[in-house]
1. Going residue by residue through the stretch 101-116, is there one that turns out to be more than 16 Å from ligand 1 (Cβ to nearest atom), open to solvent by less than 10 Å² (accessible area, probe 1.4 Å), at pLDDT 95 or above and not in a helix (DSSP H, G or I)?
2. Any residue at all in the stretch 218-232 that is more than 18 Å from F126 (Cβ to Cβ) and surrounded by 13 or more Cβ atoms within 10 Å (Cβ to Cβ)?
3. Tally time: how many residues in the stretch 44-59 are surrounded by 11 or more Cβ atoms within 10 Å (Cβ to Cβ) and in a loop (DSSP other than H, G, I, E, B)?
4. Go through the stretch 3-27 residue by residue and tally those that are out of contact with any Gly (no Cβ under 8 Å at 6 or more places or on another chain) and either in a loop (DSSP other than H, G, I, E, B) or open to solvent by 30 Å² or more (accessible area, probe 1.4 Å) (or both).
5. Is it the case that the stretch 338-351 has a residue that's within 20 Å of N27 (Cβ to Cβ) and within 19 Å of the chain's Cα centre (by Cα)?
6. Give the residue that is nearest to the chain's Cα centre (by Cα), with candidates limited to residues of the stretch 28-43 that are assigned to a helix (DSSP H, G or I) and of a type outside the set (G, A, S).
7. Taking only the stretch 256-293 into account, find how many residues are within 15 Å of the chain's Cα centre (by Cα) and on the phi < 0 side of the Ramachandran plot.
Amino acid sequence: MKSYNIAVIPGDGTGPEVVREGLKVLNVAAAKYNLKLNFVNYDFGGERYLKTGETLPDSAIEELRKHDSIFLGAIGHPDVKPGVLETGILLKARFALDQYINLRPVKLYPNVETPLKDKGPEHIDFVVIRENTGGIYTGVGGTMQKGTPLEVATQVMLYSRPMVERCMRYAYEFTRKRNRRKLLTLVHKCNVLTYTGDLWVRVHKEMGDKDYPDIKQDYNHVDACTMWFVKSPEFYDVIVTENLFGDIITDLAAMIQGGLGIAAGGNINPEGVSMFEPMGGSAPKYTGKNVINPLAAISAAGMMLETIGEPAAGNAVERAVHDSLASGKIKSLAAGKMGMGTTEVGDFVATFVK
Ligand code: IPM
Ligand code: MN
């Protein structure tokens, strides 16, 4: 029996509630596919920060490194200044564990309402691969004469060729393995970002021409891409993009797939320890009411199984999410409007894994 050690960080607000349902479905999948999943809980988040001043200490990074994967609920606390937990926990984990890929499947499931008129599941099914540790997020830059009328501030969109290449390699391999339309669209702004955009454009073309003749290449400027997401999402198969642009377009993408209740993501180090999470926040106003939608967390758990090397079990979880929605019994993805509670949705999805 294969055994995996999973670090669980339920986090703040509704995080623990959705994580509980994710673990419920994981346990059912583990039983069916004969896996042993060992979960170790970590209490990082807003509460611990308020008590101890600690976000994610270096010793915790060393512990997380020993696991096969990390399952995260939500980070964010109304009494903590914005930015502290985001940089102290989420970004720290991404950088320290070198999770250089942010994987965001964008899929409209049956019976899920999209704000896009006349679009259905056949139109919205693509994946965004966002570079996750470079660009403006590196924090390279500085200020001068801060607080004076002459203040200067810079924040640099930094990319080295190896950083772009490893992301691009992952994207081409992913597109080939996905085996749908075999189309890899680079999203950037190379008409203005003539250095960093140009680097991405050249790596996309060189690597594609040389090693992936079976994959079609396309390019969109990021502003145009936001238009196409709304007008013709069926245009896309796999998108690869730099960090900040990816951050922005994946929020738009979450909305067209039905909102944060269903949007899951992975912070992936293909050679190391990855971290999977629902995209939604800690939703303080819904906390403890058994009304939050756990589907995104359950999907994230499925992605985790797939990434640790259990694609059959991962697929089964993904299929269970699909089938539970296809049944029409879940009335809406919105918190409090699902027609059942958080735990009931988890139970219901679990029945489709069995
Ligand atoms: C995300 C989030 C983070 C980001 C924040 C919380 C730092 O928006 O995962 O998309 O900007 O990457
Ligand atoms: Mn974001």
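1. Pass one, the stretch 101-116, residues more than 16 Å from ligand 1 (Cβ to nearest atom): 107-116.
Going one step further and asking which of them are open to solvent by less than 10 Å² (accessible area, probe 1.4 Å), we end up with 108.
Next, only the ones that are at pLDDT 95 or above stay: 108.
Among the residues that remain, those that are also not in a helix (DSSP H, G or I) are: 108.
The answer is yes, given that some residue of the stretch 101-116 is more than 16 Å from ligand 1 (Cβ to nearest atom), open to solvent by less than 10 Å² (accessible area, probe 1.4 Å), at pLDDT 95 or above and not in a helix (DSSP H, G or I).
2. No - not one qualifying residue is present in the stretch 218-232.
3. Number satisfying all stated conditions: 6.
4. The number of residues fulfilling the criteria is 4.
5. no
6. In this case the residue turns out to be V28.
7. Final tally of qualifying residues: 21.
So that you can scan it fast, the table gives a plain yes or no per residue for (1) out of contact with any helix residue (DSSP H, G or I) (no Cβ under 7 Å at 6 or more places or on another chain); (2) within 17 Å of F348 (Cα to Cα); (3) more than 16 Å from ligand 1 (Cβ to nearest atom):
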| site | (1), (2), (3) |
| --- | --- |
| M255 | yes, no, no |
| P278 | no, no, no |
| A283 | yes, no, no |
| Y286 | yes, no, yes |
| I298 | no, yes, yes |
| E306 | no, no, yes |
| E310 | yes, no, yes |
| E318 | no, yes, yes |
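The values are calculated or read from the model by the stated rules, or taken from the named source; none is laboratory data. Everything quoted here is computed from the prediction, not taken from an experiment. Using ideal geometry, Cβ is built from the backbone for each residue, glycine included, and neighbour counts are taken over all protein chains shown. The accessibility values were calculated without ligands, DNA or RNA, using every heavy atom of the protein model including side chains. Shrake-Rupley method; radii C 1.70, N 1.55, O 1.52, S 1.80 Å.
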